[in-house]
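Everything on this sheet refers to the single structure shown next.
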Amino acid sequence: MNDRSLSLILTMMLGLAAVGGCARKTPELPTDPLEQAATCGVVAAAGEREAAGAKGELPADGQARILHYAMLYASTGAALDPDKVNAVSKRMPALADQTIKGDWRKLEPACAAAFPATRITQPVLPKKPLDAMLQCDALAEFLRKALTDQGASYGNAANAYGAFIDTLDPKLSVAVRAAGLSNGDALRRKKQQELAAAARLGQPPAVIDACKKAYAA
């Protein structure tokens, strides 16, 4: 994933959401999956900007909710595909202007239908502890890196993800050893698979909250 591209996209959204009142057109959600994810990412960015106010950085949780659409598009297979996340990030700028200048709020129901996991605010972790902990670890690391690459203004949020990872690590290490997984390619592939599963559980901040309740209490 190209996190720098994502940072530029989300920064650009700060201004676009404020100019969405001109020449509104009746919007339609594209049928192509990539176009859907990018369009809904733009709609989510506009909604997060409207909720946060016209100035300043978006909250870290808002950034994660925007990123969720790219993650879901990248998680239709067995494992999350970073190239697909990057493809959504690259496509969003081209769609931003036309989407925001239209009546973007009318796209929200269609986006919810296309990406139902984005509306799940009370996710349920897997019953198997190893799977649950791997999903929590992989998601926290993914979000930590994304926020770190966006600059110092998200440093506290990124550090909070890092602190959770450190808290989880002793428990996860025991479970990984018990399952016979090594710290090599097999474990990395397993984490990419569990990251895709974590994306499908619900909104990333809500999933992390569930992880903290289960493993950091």
Of all the residues that make up segment 1-44, how many are at pLDDT below 95 and in a helix (DSSP H, G or I)?
17
Taking Asp137, is it crowded, with 23+ Cβ neighbours inside 10 Å, closer than 24 Å to Ala214 by Cβ and of a type in the set (D, E, K, R)?
yes
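Okay, residues lined up against (1) in the same structural domain as Lys145 (by TED's automatic domain parsing); (2) over 23 Å from Tyr69 (Cα atoms); (3) among the β-branched types (Val, Ile, Thr):
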| position | (1), (2), (3) |
| --- | --- |
| Asp169 | yes, yes, no |
| Val176 | yes, yes, yes |
| Gln192 | yes, no, no |
| Leu195 | yes, no, no |
Quick check on segment 70-129: of everything there that is among the β-branched types (Val, Ile, Thr) and either in contact with a His (Cβ under 6 Å, 6 or more places away or on another chain) or under 20 Å from Arg189 (Cβ atoms) (or both), which residue is surrounded by the most Cβ atoms within 10 Å (Cβ to Cβ)?
Val85
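The values are calculated or read from the model by the stated rules, or taken from the named source; none is laboratory data. As the structure is a computational prediction, the values presented were derived from the model and not from experiment. A quick note on method: Cβ atoms are made from the backbone with ideal geometry, for glycine too, and the neighbour counts reach across all protein chains shown.
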